[in-house]
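The values are calculated or read from the model by the stated rules, or taken from the named source; none is laboratory data. Since the model is a prediction, treat every value here as computed from it, not as a measurement. Cβ placement follows ideal geometry from the backbone for every residue including glycine, while neighbour counts extend to all protein chains displayed. For accessibility, only protein heavy atoms count, side chains too; no ligands or nucleic acids. Shrake-Rupley method; radii C 1.70, N 1.55, O 1.52, S 1.80 Å.
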Amino acid sequence: MAHFYILYSGSLDRYYVGYTAGAVEGRLHEHLSNHKGFTSKAKDWEVVYAESFESKKEAYARERQVKKWKSRKNIEELINSS
């Protein structure tokens, strides 16, 4: 099982869109740990939306679809529709 997810940081007031082949909670822990990358800028990330898929390929395709929107409004509409 693979997952597409959206994280939100209140301190940055930003969303992060990603996917994982494992559990979303485990991936969130990685985002909150010490590492380099965009999510290392804050330690208050929380999962605000997630979808499950049969394959990693499908979850990755969904991530690419949402990232192509380049629209905070559309991301928030997706989150609020759930």
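Can you give the relative contact order of the chain as a percent, counting alpha carbon pairs under 8 Å and 6+ residues apart?
Details: 127 pairs, mean separation 31.0, N = 82.
Rounded, it is 38 percent for the chain.
Relative to the present Cα-Cα distance, how much length would full extension add between GLU54 and LEU32 at 0.36 nm per residue of separation?
5.3 nm
Rolling a 1.4 Å sphere over the protein heavy atoms, what is the accessible area per residue of the chain, to the nearest Å²? Mind dumping the intermediate values first?
On the way: 5200 Å² over 82 residues.
I get 63 Å² per residue for this part.
In the chain, which GluC sites (Glu not before Pro) are in a loop and have at most 12 other Cβ atoms within 10 Å, using DSSP for the loop call? List each step's numbers first, then the result.
Numbers: sites: GLU25, GLU30, GLU46, GLU51, GLU54, GLU58, GLU63, GLU76, GLU77; in loops: GLU54.
Here the sparse-neighbourhood loop sites are GLU54.
Restricted to Cα positions, what overall size does the chain have along the principal axes? Three whole-Å values, descending.
For the chain, the Cα spread along each principal axis is 30, 28, 20 Å.
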